[in-house]
1. Can residue 97 be described as of a type in the set (A, V, I, L, M) and away from the ligand (no atom under 14 Å from the Cβ)?
2. Taking the options 216, 275, 237, name whichever one is without any contact (Cβ under 8 Å) to a residue 24 or more places away in the chain and either within 30 Å of residue 4 (Cα to Cα) or assigned to a helix (DSSP H, G or I) (or both).
3. Could you say whether any residue in the range 306-325 is aromatic (Phe, Trp, Tyr) and either at pLDDT below 95 or more than 23 Å from the chain's Cα centre (by Cα) (or both)?
4. Hey, can you tell me all the residues within the range 152-189 that are more than 19 Å from the chain's Cα centre (by Cα), outside any loop (DSSP other than H, G, I, E, B) and β-branched (Val, Ile, Thr)?
5. Residue 315 passes all but one of (1) surrounded by fewer than 19 Cβ atoms within 10 Å (Cβ to Cβ); (2) part of a helix (DSSP H, G or I); which number fails?
6. Say whether the condition of being assigned to a loop (DSSP other than H, G, I, E, B) and either modelled with pLDDT of 95 or more or touching a Phe, Trp or Tyr at 6+ places or on another chain (Cβ under 7 Å) (or both) is met by at least one residue in the range 45-58.
7. How many of the residues making up the range 73-121 are hydrophobic (A, V, I, L, M, F, W, C) and in a helix (DSSP H, G or I)?
8. Report whether or not residue 124 is modelled with pLDDT of 95 or more and away from the ligand (no atom under 16 Å from the Cβ).
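The values are calculated or read from the model by the stated rules, or taken from the named source; none is laboratory data. In this text, all values refer to a predicted model and were calculated from it rather than measured experimentally. No Cβ is skipped: glycine too gets one built from the backbone with ideal geometry, and neighbour counts run over all protein chains shown.
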Amino acid sequence: MNAQQIADGTWAHLWTPGGWGQTNTGLIVDDGAASMVIDTVWDTGRADAIASENRSLTRRSPVTDVVNTHSDGDHWWGNDTVPSDARIITSAASLHAMKEETPPSGVHLFASLGALAGRLPGPVGATGTYMDRVRGGATFPRTSPRLPNHTFDVTERIDVGTRAVQLRYLGPAHTAGDLIAHVPDVGVVFSGDLLFIGSTPILWHGPLSNWIDALDHLLALDAAVYVPGHGPLCGADEIRAVREYWTWVDDAGRRHFDAGVEYAYAARNMMQSRDFQPYQAWGSPERLVLTMSTLYRLWKGEPAAPPTLLRRARAFADAGALLRTMESR
Ligand SMILES: [Zn+2]
């Protein structure tokens, strides 16, 4: 693995192809002054490798700030690998959500049981197999990682030496706390999971309209390069494709909801429609069923719910069952 320089004093650690847990991270350096790290990954081996590469890139410019783009563990469970005197920043909504997340040890136990249960037929086996797929062979930290110690509500400008980094909260959308980091001097935006490129985005929280607005905000920034949370570097065309996916899911999903079709069946039906063709090559297409469970909840007028382990497990059961029917077709 090598850090890829994407602009002057700006690096990305891209983890291809960008599936479950394969999170991209970033580094912004003002040479001779200071540096900022964007996101830390949950796999301990990968987190250590990134930290050691960052140490060699920041020898003259110590890491003063770390940003976590949101509360999913694959974006902050490596926080113990950044210098202990660095400030860790996230949105207030994201910090709140992090405190509600199941700690890595709990997810580890759950995923390990899932791996065993995966050998069973039926829904228990489907859930187990799917949870094991989500962990993707990662080794989680043994203890709960350091939480951020600095938050902001909507926007905050952080000075990394003489370079300005503009943080902006654009959630709730993918999760409660989604934020982006815009580096205007080089035209780079780190979008967190508001962008999945080449794999299917997941709506855990919503509302979906906020996500579409966030994509419009990303486009309006007119950056030279966008670093997605997962997948390769991208530009405006790829962002528009994500926007089209969400517009389609919103329309087609709502039609199924209004017709009283159960959400997992609706997801399967949508994936078999002609309109799905532009998105069928994206990784993990079955994530549509996770999104549909969130959308149905919101359309019923229920409040957005945090993606607790129980809720994720239920959604993973649906996704696992959907995959088994797709693979046996
Ligand atoms: Zn992620």
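1. Details: of a type in the set (A, V, I, L, M): yes; away from the ligand (no atom under 14 Å from the Cβ): no.
Judged against the criteria, residue 97 is not a match.
2. Values: 216 fails: without any contact (Cβ under 8 Å) to a residue 24 or more places away in the chain; 275 fails: without any contact (Cβ under 8 Å) to a residue 24 or more places away in the chain.
Just a single option satisfies the conditions, and that option is 237.
3. yes
4. Answer for the range 152-189, where residues must be more than 19 Å from the chain's Cα centre (by Cα), outside any loop (DSSP other than H, G, I, E, B) and β-branched (Val, Ile, Thr): 155, 158, 160, 165, 183.
5. Here residue 315 clears every test but (1).
6. Pass one, the range 45-58, residues assigned to a loop (DSSP other than H, G, I, E, B): 58.
Filter once more, keeping what is either modelled with pLDDT of 95 or more or touching a Phe, Trp or Tyr at 6+ places or on another chain (Cβ under 7 Å) (or both): 58.
Yes, the range 45-58 has at least one match.
7. Just the residues of the range 73-121 that are hydrophobic (A, V, I, L, M, F, W, C), to begin with: 76-77, 82, 86, 88-89, 92-93, 95, 97-98, 107, 109-111, 113, 115-117, 120.
Keeping just the survivors that are in a helix (DSSP H, G or I) gives 92-93, 95, 97-98, 107, 109-111, 113, 115-117.
Result for the range 73-121: 13.
8. Working: modelled with pLDDT of 95 or more: no; away from the ligand (no atom under 16 Å from the Cβ): yes.
It is false that residue 124 is modelled with pLDDT of 95 or more and away from the ligand (no atom under 16 Å from the Cβ).
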